[in-house]
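Trainee: Sharing a structure, written as structure tokens. Questions coming.
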Protein chains: 2
Amino acid sequence: MIVGVIGGGQLARMMIPAAVNLGIELRVLAVSAGESASLAVTQLGDHTDADAVLRFAEGVDVVTFDHEHVPQSVLTALVDAGVAVRPGPDALLYAQNKLLMREKLAALGLPVPDWARVETESELDAFLADHGGVGVLKTPTGGYDGKGVRVVRAAAEAAAWFGSGPLLVEELVSFQRELAQLVARRPSGEIAAWPVVESMQRDGVCAEVIAPAPRSAGKVAEVASAIAVRVAEELGVTGVLAVELFETTDERLLVNELAMRPHNTGHWSMDGAITGQFEQHLRAVLDLPLGATAPREPWSVMVNVLGGPSVGTMEDRYPALMADQPSVKVHSYGKTPRPGRKVGHVNASGTELDEVVFRARAAAAFFED
Amino acid sequence: MIVGVIGGGQLARMMIPAAVNLGIELRVLAVSAGESASLAVTQLGDHTDADAVLRFAEGVDVVTFDHEHVPQSVLTALVDAGVAVRPGPDALLYAQNKLLMREKLAALGLPVPDWARVETESELDAFLADHGGVGVLKTPTGGYDGKGVRVVRAAAEAAAWFGSGPLLVEELVSFQRELAQLVARRPSGEIAAWPVVESMQRDGVCAEVIAPAPRSAGKVAEVASAIAVRVAEELGVTGVLAVELFETTDERLLVNELAMRPHNTGHWSMDGAITGQFEQHLRAVLDLPLGATAPREPWSVMVNVLGGPSVGTMEDRYPALMADQPSVKVHSYGKTPRPGRKVGHVNASGTELDEVVFRARAAAAFFED
């Protein structure tokens, strides 16, 4: 079994342990040497170059992804060449383009924030006027971790964003918290859901995740799972699907974003669930039966290492961290620390939430200055 | 942090996931291409060739091992060159030579079977006469998985074994069961013990492990742990130490064998303990604080895949196995199936021992014909 992964970042890297355990050969196409997944890199090349990608795909059983940046033209060239691409281009389209995603989810009747497609400043101002004078403007493509997203109160604030195609504007949702529902779906249709989790963002970037989301037992968990299952089925997603959700102040769940790959809000599962998201993604794209998604302990908490130490490496901090927190699991992405960069995460699990949060935060703090 | 591993077998392979998670660079010296740990192989060469091993060790922070077959002359050449070798030659000696091990443990007053060093058939016959006419004859070096070991009732049966140096003969211990106590020790002295486990052998090869050993709470666990801690300290072991024990019919614990590396009886810990033996071994040889060794669930069971399918690969059986046992963790060593060969293992965990044994055996059975 050979899985080809396009992209050499930390998501590809974290597929390596799962692949080694299962005896799956992993091949990675990376842009440059020394990326996070370098151990499994078999080809350097540009993921927008169809010839390079087709060459990479020769001999693999399935192609999957570390990121969403492979152009549709390249994806369809793969499909036309008979390569199994999972998730496929028709599904990935909705993870690549937020405007198409909104249109599709709305057409399916799934709960989303109020939104509009706007091509001119006056269209944007009209939407803002209808929504309390504020909205969230998004570029349909290219945004991630808070980039390509801004809160606007007048179209003039975002004048520079117009002129390169339609934009998406959404109501500024009044939410209690953000949730994420991850599921995996295999081509033959089986779907497995992890418990819905709560994610806390800092500066638009995921900072902490609690699994399961506190106070989610019952309706919240059921609705979140039902939404993600419907998205996976209706969009024909294969592999891991992450549905980011708002839990509004009036207790509705609205779909915020979609990602069709392992996701930061699923990193807790590497140590906290019987089947982690990287193993499950490999199983799903290979159309193998999915693994059990039950948590190993009542609570798991993940804290991202954002930026990392200002001096030295994460590994320099291991002696102090490991002496202090012998049960926390540390994940380093092999990256050079840089402000704001996701360079690793820590996972902790246990029976008392406050104690688990404390341990995870205490461990992550060793990587800060 | 760079760890060099001499030997490219499954033990080196299973260090890869732990190294990837912790951002540790692993370099493996293997005899030939395509060995189990091939993903991390950085040099092909003979581990008995001091020049090759010295070249391999350049730039690594520490050298450790997949097996015990590196000659003392090569080990001391590494030490003389200033390389950190863990475990060191003075400790490894006792894992390499069963006669020296018996002499050392006896000198320390640790509980061992009756034994003797025999150089002639008449010495062996004298030992047998004193021990009910039966004994276990062992070559001091080179034996593993039942090789270099035989039960003898008369020296004449083993005539061919004499003439190449002293042999070890031991009483045929009347034991209820075999146990294994694994600990890890770092150079600065910290030791962490996993729970003692029960191991079941088939044809001299480990077939199943139950962790913790049933009916071991209290005295058995304490004595086993105390023996292993004493061995680790007195012999100056660094890294993982496995002490194989007999629990005799009269309820004593006797040391059978030692291994100074991750061990088959510790594979359960990869999924069943907070810190698995491969992560712990890396932490120990790097002199990092040791991880928590508590089990994640009350019971874990490991079943070896011995031989594997007579037709096709382990991976061919995944669809049926995974559909039947979604919570069992499968480990494939990337080896070609061959009768008797250790090609993988499965781990299961849970709260009811019988149910866990059933699941693990049911999963492993998918790899048999």
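The values are calculated or read from the model by the stated rules, or taken from the named source; none is laboratory data. All of these numbers come straight from a predicted model, not from anything done at the bench. Cβ placement follows ideal geometry from the backbone for every residue including glycine, while neighbour counts extend to all protein chains displayed.
Trainee: Have a look at A:86, A:55, A:13 and point out the one that is more than 27 Å from residue B:16 (Cα to Cα) and basic (Lys, Arg).
Mentor: One residue alone meets the criteria, A:55.
Trainee: Sticking with this structure for a sec: Residue under question is residue B:88, and the condition is that it be more than 18 Å from the chain's Cα centre (by Cα) and of a type in the set (Gly, Ala, Ser); does it hold?
Mentor: no
Trainee: Residue pairs, Cβ under 9 Å, 6 or more apart or interchain, first in the stretch A:280-302 and assigned by TED's automatic domain parsing to the domain that holds residue A:24, second surrounded by fewer than 23 Cβ atoms within 10 Å (Cβ to Cβ) and not in a strand (DSSP E or B). List them.
Mentor: From the stretch A:280-302, no pairs qualify.
Trainee: Considering (1) within 12 Å of chain A (Cβ to nearest Cβ); (2) touching a His at 6+ places or on another chain (Cβ under 9 Å); (3) without any contact (Cβ under 8 Å) to a residue 60 or more places away in the chain, say which one residue B:10 fails and leave the rest.
Mentor: (3) is the only condition that residue B:10 fails.
Trainee: When you go through B:216, B:164 one by one, which is the residue that is without any contact (Cβ under 8 Å) to a residue 24 or more places away in the chain, more than 30 Å from residue B:84 (Cα to Cα) and either part of a loop (DSSP other than H, G, I, E, B) or of a type in the set (A, V, I, L, M) (or both)?
Mentor: Checking each option against the conditions leaves just B:164.
Trainee: A follow-up question, please. Starting from residues that are within 14 Å of chain A (Cβ to nearest Cβ) and not in a loop (DSSP other than H, G, I, E, B), keep the ones in the stretch B:297-306 and report whichever is nearest to residue B:341 (Cα to Cα).
Mentor: B:305
Trainee: Tally up the residues in the stretch A:205-236 that are touching a strand residue (DSSP E or B) at 6+ places or on another chain (Cβ under 9 Å), hydrophobic (A, V, I, L, M, F, W, C) and under 20 Å from residue A:301 (Cα atoms), please.
Mentor: 10
Trainee: Here's a follow-up. Tell me which of these residue A:358 doesn't satisfy, since it passes every other one: (1) closer than 23 Å to residue A:15 by Cα; (2) among the aromatic types (Phe, Trp, Tyr); (3) surrounded by fewer than 18 Cβ atoms within 10 Å (Cβ to Cβ).
Mentor: (1)
Trainee: Search the stretch B:279-296 for residues being over 19 Å from residue A:272 (Cβ atoms) and outside any loop (DSSP other than H, G, I, E, B), and hand back the single one that is nearest to the other protein chains (Cβ to nearest Cβ).
Mentor: Within the stretch B:279-296, the match that is nearest to the other protein chains (Cβ to nearest Cβ) is B:283.
Trainee: If you check every pair at least six apart or on different chains, which have Cβ atoms under 7 Å apart with a residue in the stretch A:351-369 that is over 14 Å from residue A:329 (Cβ atoms) first and a residue that is polar (S, T, N, Q) second?
Mentor: Hits for this filter: A:369/A:310.
Trainee: Check whether at least one residue in the stretch A:13-33 is free of Cβ contacts under 8 Å to residues at least 24 places away in the same chain, within 14 Å of another protein chain (Cβ to nearest Cβ), of a type in the set (Val, Ile, Thr) and touching a Pro at 6+ places or on another chain (Cβ under 9 Å), and report yes or no.
Mentor: Yes, that holds for at least one residue.
Trainee: If you don't mind, there's one more thing I want to ask. Testing residue B:148 on (1) small (Gly, Ala, Ser); (2) out of contact with any helix residue (DSSP H, G or I) (no Cβ under 7 Å at 6 or more places or on another chain); (3) closer than 25 Å to residue B:233 by Cα, one condition comes back false. Which one is that?
Mentor: Looking at each condition in turn, residue B:148 falls short on (3).
Conditions tested, residue by residue: (1) touching a Phe, Trp or Tyr at 6+ places or on another chain (Cβ under 9 Å); (2) within 11 Å of chain A (Cβ to nearest Cβ); (3) in a helix (DSSP H, G or I).
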position	(1), (2), (3)
B:311	no, no, no
B:330	yes, yes, no
B:335	no, yes, no
B:355	yes, no, yes
B:363	no, no, yes
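Trainee: Just checking, does the stretch A:137-150 include any residue being in a helix (DSSP H, G or I) and either of a type in the set (A, V, I, L, M) or on the phi > 0 side of the Ramachandran plot (or both)?
Mentor: Looking for residues that are in a helix (DSSP H, G or I) and either of a type in the set (A, V, I, L, M) or on the phi > 0 side of the Ramachandran plot (or both), one finds none in the stretch A:137-150, hence no.
Trainee: So which residues in the stretch A:27-39 are buried (at least 24 other Cβ atoms within 10 Å of the Cβ) and of a type in the set (A, V, I, L, M, F, W, C)?
Mentor: A:28, A:29, A:30, A:37
Trainee: Return the residue satisfying two criteria in turn: it lies in the stretch A:314-328 and is at the interface with chain B (Cβ under 8 Å from one of its Cβ atoms) and either assigned to a loop (DSSP other than H, G, I, E, B) or free of Cβ contacts under 8 Å to residues at least 12 places away in the same chain (or both), and of such residues it is surrounded by the fewest Cβ atoms within 10 Å (Cβ to Cβ).
Mentor: Going through the qualifying residues, I end up with A:323.
Trainee: Given the criterion surrounded by fewer than 17 Cβ atoms within 10 Å (Cβ to Cβ) and either under 20 Å from residue A:242 (Cβ atoms) or among the polar types (S, T, N, Q) (or both), identify the matching residue among A:64, A:76.
Mentor: Going through A:64, A:76 in turn, the sole match is A:76.
Trainee: I'm checking my understanding of the structure. Among residues of the stretch A:251-275 that are within 16 Å of residue A:66 (Cβ to Cβ) and in a loop (DSSP other than H, G, I, E, B), which one is nearest to the other protein chains (Cβ to nearest Cβ)?
Mentor: Applying the filter and picking the extreme gives A:267.
Trainee: Here is a follow-up. Do we have any residue at all in the stretch A:246-257 that's at pLDDT 95 or above, surrounded by 20 or more Cβ atoms within 10 Å (Cβ to Cβ) and of a type in the set (Ser, Thr, Tyr)?
Mentor: There is no residue in the stretch A:246-257 that is at pLDDT 95 or above, surrounded by 20 or more Cβ atoms within 10 Å (Cβ to Cβ) and of a type in the set (Ser, Thr, Tyr).
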